[in-house]
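The values are calculated or read from the model by the stated rules, or taken from the named source; none is laboratory data. Please read these numbers as outputs of a predicted model, since none were measured by experiment. Neighbour counts are summed over all protein chains in view; Cβ atoms, including those assigned to glycine, are modelled from backbone coordinates with ideal geometry.
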Amino acid sequence: MNEIELKNEFCSYPESLLEAWKLGDYSMLTHSNASDYIKEILTFKAKTRIGRRFFGEAYVASKIEMNEGWYNSFKWLTADKWISGHRLEPKFEKPFHNALMKHIGPDVINRLQKNTIDFYNRHKEKFMDRGRYKKPVAPDLWLIDKEGGFKFIESKLPGDRTKPHQIAGLALIVKYLRVSVPVSVSIMHLYPENIDPMNLFSEFYSLA
C-alpha cells in the first residue's frame, strides 16, 4: 500500500477580514462560492461564539473551488448514529448524513468506524488532551470537487496546534476512503498577510 501523504499548506489572510469576522461581518464567506451548507452552518456557529472561532475554516472555504462542501462538526468517524441515521437534528445533521450516504455509503462508513475505534483502543494513551482521551475526528472541511474527488482540510490559525486525535482522523480517512475515490488530506496553516511566515512556521522551513 502506498504511503499516506498529509500535506502541510500555507495561506495568508488580510487581518481586516479577521477583525470584521470578530465584529459579526461574515460577508467574506457569504459572498463567496462556498457551498450554501458551509455558509449557513459557519455563520450560525460564529454568531453563537463571537470571536475568531470558525474564521479559519470559513476563509479556506471561501478560497477553494468546490462542487459540494461540508463542515465536519460531527463525530461521524465513531458515533453509531452516522450509520443508522437515528436521532439526527434536521437542520445540519440530517443533510450531512445524506451526503455521507450518497458519497461514501453505510458499508464504507461502517468499516471506517470499526477501524477507527480499533485504532483508538490500541493507541488510547496517545490521545490524551487536557486530561481527557479524545477519539480520532474528521477535519474542519470536507470538499468535493467537480471530478468527485474528496479534499479533507483542517485549518489552523496562528497559535493553534494540531492534536494527535486530529492527525489520526486525517490518516484514517485517507487510508480507508481512497480505495473507492480520490482523497487528499491537508492541514492549512493560515497567517496574516503582513507577517513573515518564516517567523511563524520556522519548523517547516528549517533546512537542518
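Which residue out of N2, N72, N8 is over 16 Å from I153 (Cα atoms), at pLDDT below 95 and either under 16 Å from the mean Cα position of the chain (by Cα) or not charged (D, E, K, R) (or both)?
N2
Could you check the stretch 82-106 and list, in sequence order, the residues that are assigned to a loop (DSSP other than H, G, I, E, B) and either under 19 Å from V181 (Cα atoms) or out of contact with any helix residue (DSSP H, G or I) (no Cβ under 7 Å at 6 or more places or on another chain) (or both)?
H86, E89, P90, K91, I104, G105
For the stretch 132-160, name all the residues that are in contact (Cβ under 8 Å) with a residue 12 or more places away in the chain, part of a loop (DSSP other than H, G, I, E, B) and small (G, A, S).
If the condition is that a residue be in contact (Cβ under 8 Å) with a residue 12 or more places away in the chain, part of a loop (DSSP other than H, G, I, E, B) and small (G, A, S), then A138, G148, G149 are the ones that fit.
In the stretch 45-55, which residue that is assigned to a helix (DSSP H, G or I) and touching a residue at least 12 places away in the same chain (Cβ under 8 Å) is farthest from E65 (Cα to Cα)?
K47
Residues are listed down the side, and each one gets a yes or a no for (1) in contact with a Leu (Cβ under 7 Å, 6 or more places away or on another chain); (2) under 23 Å from Y133 (Cα atoms); (3) crowded, with 22+ Cβ neighbours inside 10 Å; (4) of a type in the set (S, T, N, Q):
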{"site": "L42", "(1), (2), (3), (4)": "yes, no, yes, no"}
{"site": "A46", "(1), (2), (3), (4)": "no, no, no, no"}
{"site": "E57", "(1), (2), (3), (4)": "yes, no, yes, no"}
{"site": "N72", "(1), (2), (3), (4)": "yes, yes, no, yes"}
{"site": "K75", "(1), (2), (3), (4)": "no, yes, no, no"}
{"site": "K81", "(1), (2), (3), (4)": "yes, yes, no, no"}
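Any idea how many residues of the stretch 75-99 are under 15 Å from the mean Cα position of the chain (by Cα) and under 17 Å from K146 (Cα atoms)?
0
Of all the residues that make up the stretch 144-185, how many are small (G, A, S), surrounded by fewer than 18 Cβ atoms within 10 Å (Cβ to Cβ) and at pLDDT 90 or above?
Result for the stretch 144-185: 4.
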